[in-house]
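First the structure, in the form of structure tokens, and then the observations on it.
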Amino acid sequence: MQKFFAKNGPIISTYFLISIGFWIIFLIIIPQLYMLDLSFRPNLPPLLRGGEEDVYTLTHYKHFLFGSETSKDAYNYVDLKVFFTTLATAVVITVLSLCFCYPIAFYIAKIAEHKTARLLIVSLIVPFWINELLRAFALRILFAGEGVINNALINAGLMDNAINFIGQDVALFTGLTYAYLLLMMFPLYNSLESLDTNQLEAAKDLGSSTLRTHWRIVIPHAKAGIASGSTMVFMLTAGALATPVVLSSPNTFWFTQLIYQWFNMNDNWSRGAAYSVLLLLVSVIFVLLMMKLFRVKVGEIVK
Amino acid sequence: MKSQPALKLLLGTYIFVFLAYLFGPLIIMSITAFNSAEFPAVTPWECFSWRWFAEGKVTYDGQRLAGLLADSKLHEGILTSLHIALGVVALSVPIGMAAAIVLTQVNSKIRTFFYSVAIMPVLFPGVVIGISTVVLWDRIASMTGGGAMADVGRNGVFLTILAQTCFISTYCFLIFVARMQRFDKTQEEAALDLGASQTQVFFKILMPYLMPAIASSAVIAFLYSFENYNTTVFSILSDQTLTTVIASKVRLGISPAISALALVIIAITLTAAISYEVLKRRAESRLAKIKQTQLHQAMPSDRLMKNQKTSFKLPKSMFVILLVCFGVVAGGNYLVSNNLYGEQCIVAADEAKKSNFADQLKLLQQNVETEGATTPPSDPTTGSQGFNNIFGDPNLFKNFGGFDTDAKK
């Protein structure tokens with residue numbers, strides 16, 4: 001510690017310590033811990049807080065699993081279904097994004113000429129910077145009941161009645177893929193770019209087929225990028241709120257919307273906190289899984 | 001690497017489809033911003049108009065749809081977003097810088113741990129960060145009772161700045177870490193040996209070196225803050241930012257004014273991206289030229305001086321620009337020739353809708369009036385007579401002109 005002060009001088013050291021301490025303690029650790037604490041407490045009006053009834057309880061987690069005490073079902077099918085649909089969809093969208101992005105990332109990194117590659121990268125960056133809400137809105141225009149796709153199909157005489165894209169969640173799934181596709185692209189591209197082209201040529205000279213080259217050389221090399229992109233896409237899809245708000249049908253819920261409802265509409269903050277803890281838990285588990293599966297460090301996932 | 005032509009064609013098609021998927025919805029949305037109809041659509045095209053960028057429209061049934069210039073809620077939202085973004089930049093850039101510098105000074109064991117903690121916020125769902133901040137500060141506010149602290153703890157703008165700083169600092173941190181990796185520490189040592197104080201070293205050596213990183217992290221922090229929704233929607237409490245205004249508008253019903261807003265944002269983004277690219281290219285070519293002249297000076301032989309032929313080469317981007325120009329001209333021509341442009345068209349369309357609406361009202365009233373009276377059931381046999389009447393209507397053939405012998409003269 002003394003060495004630290006000696007190295008940086010008193011003024012700069014104080015600045016370092018205050019800003020880092022403020023960030024790590026006040027913005028990262030304490031809020032999460034307090035949220036965890038609140039999730040184990042009953043939902044009380046402010047006056048009763050800290051009183052006799054304010055004891056630790058598992059009631060919110062029980063509610064998530066078994067439903068309210070008055071309901072007859074053995075489990076809380078509604079919330080559990082939302083939870084697992086969200087997770088399953090997020091996994092499917094992650095895999096799809098990887099499949100969609102891989103050929104293009106490989107093309108930009110290894111095949112395209114320098115100029116074409118840069119043009120493509122710029123044209124990929126532009127839609128990435130447009131607000132998620134507005135991109136969802138663009139799809140809403142396409143998929144609405146009287147939207148562009150329905151109008152076009154009816155005018156072309158291909159069908160008589162409008163398809164309810166939003167009610168059948170086609171719009172939601174397309175929108176989520178649309179929103180986070182590029183977060184798979186950039187890590188994938190970065191890791192593919194560092195691959196030595198000589199290796200590919202060597203494999204070809206030794207008689208390896210294209211598929212085999214990709215499976216044995218390119219993909220193992222890109223594993224850090226795949227892990228990083230998958231983590232990003234999964235986290236953002238599972239935690240998405242803007243796209244579901246714009247594109248989900250009235251009867252479909254995304255898990256974040258459930259949290260929003262407990263928090264803002266039903267005014268049950270501790271239950272909202274409990275559900276957020278669940279979401280956080282899933283995210284942490286997914287990151288650990290990715291690290292284990294691809295044998296990468298956290299530092300390689302976030303770059 | 002050589003690849004077969006068939007594979008190349010497949011790849012080209014795939015890239016085209018991919019880009020179409022990325023840009024198609026945005027282009028269609030941009031077009032709907034110019035349609036004067038109150039539902040964002042391309043077909044049925046009413047009139048070309050700028051009304052969604054300006055005043056908006058009052059519909060025939062008295063509904064008010066504000067355009068961009070007339071929307072006071074939107075303006076307030078943008079102002080709040082600007083305040084928040086500036087606050088976030090002011091906090092997260094210094095935090096990110098401090099964390100990145102300290103990372104280079106600690107030993108490797110602490111470094112791994114510190115790095116893991118610092119990047120954690122990016123891996124938290126945004127919703128969770130927003131909720132945890134609100135929950136904590138509500139607690140702080142209620143613990144201190146009334147007074148200034150309670151006001152601060154329940155101030156949406158303040159909470160949003162804190163919540164966004166939590167994860168945006170990490171993005172800044174990563175930018176600074178990348179820059180610090182290439183920092184030459186001997187510079188610092190030399191300055192210290194020559195008698196500079198540590199504070200001087202920081203301001204005279206480290207800060208100038210980190211300037212590009214400061215600039216780019218400030219821009220990134222500003223953009224991330226400005227477009228954030230997931231965290232903001234929880235932490236903003238009763239205030240409104242640009243994104244929450246947009247979200248509540250979309251939830252109430254979609255209007256072309258949002259398309260217009262999106263188009264403005266897209267235009268700003270495009271300009272920024274293109275100017276960034278141009279600047280980068282110019283810097284690169286300057287660097288290449290400097291290298292060339294250096295090489296020439298080192299070896300004064302004409303062989304190495306490349307003959308820079310000024311043969312005119314048509315860049316590929318020209319074709320794209322030409323295509324866009326062609327599209328715009330064709331579209332404009334279509335609009336003008338079909339009278340789908342200008343005040344007259346808008347007035348006519350509104351009139352048509354109003355009269356349509358009035359007709360429907362009248363019909364409704366008639367139905368109500370005749371409800372009590374016995375309506376004569378229409379005889380199925382009179383159906384054919386109805387057709388006869390239609391074909392008997394001479395006005396129907398007035399504009400046909402096919403049998404008009406005068407036209408041939």
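For the residues of B:29-42, the average number of beta carbons from a partner chain within 10 Å of their own beta carbon is 3.
Against the compact-protein benchmark of 2.2 N^0.38 Å, the Cα-based radius of gyration of segment B:83-254 scales to 1.23. Counting Cβ atoms of other protein chains within 10 Å of each Cβ in B:161-173 and taking the mean gives 3. Across segment A:75-225, Cα-Cα pairs farther apart than 19 Å form 66% of the total.
Would you tell me the mean number of C-beta atoms belonging to other protein chains that fall within 10 Å of each C-beta in A:236-244, as a whole number?
Going residue by residue through A:236-244 and averaging, the value is 4.
Net charge of the neighbourhood of A:Y56, taken over other residues with C-beta under 10 Å away and scored Lys/Arg +1, Asp/Glu -1, is -1. Evaluated over segment A:77-301, the count of Lys pairs having alpha-carbon atoms less than 17 Å apart is 4 (only pairs 8 or more residues apart or interchain). Of the DSSP H helices in chain A, those with a Cα length along their own long axis of 18 Å or more and a mean Kyte-Doolittle hydropathy reaching -0.5 comprise A:2-21, A:77-106, A:114-128, A:170-193, A:223-238, A:269-294.
Between A:V95 and A:N198, take the C-beta separation as r, use R0 = 30 Å, and let me know the FRET efficiency to the nearest 0.05. Please list the in-between numbers first.
Numbers: r = 31 Å, r/R0 = 1.03.
With R0 = 30 Å, the Cβ-Cβ based efficiency is 0.45.
In terms of other Cβ atoms within 10 Å, B:C166, A:C99 run from fewest to most in the order A:C99, B:C166. The ranking of A:M35, A:M159 by Cβ neighbour count inside 10 Å, starting from the fewest, reads A:M159, A:M35. A Cα-only calculation for segment A:191-278 places Rg and Dmax at 22.0, 66 Å.
Apply 1/(1 + (r/R0)^6) to the Cβ-Cβ distance of B:M207 and B:F114, taking R0 = 22 Å, and write down the FRET efficiency to the nearest 0.05.
So, using R0 = 22 Å, E works out to roughly 0.50.
Per-residue packing, averaged as other Cβ atoms within 10 Å, sorts the ranges A:113-119, A:223-229 into the order A:223-229, A:113-119, beginning with the highest. Remark: B:V152, A:V298, B:V201, B:V328 ranked as B:V328, B:V152, A:V298, B:V201, counting other beta-carbon atoms within 10 Å and listing the fewest first. Kirkwood hydrodynamic radius of chain A, from the reciprocal of the average inverse Cα-Cα distance over all distinct pairs: 23.1 Å.
Restricting the calculation to Cα atoms, segment B:101-202 shows an Rg/Rh of 1.15 when the hydrodynamic-style radius is the Kirkwood one.
Coordinate-derived values only; no laboratory data. Bear in mind that the values here come from a model prediction, so they are computed numbers and not experimental data. As a convention, Cβ positions derive from the backbone with ideal geometry for all residues, glycine included, and neighbour counts pool all protein chains shown.
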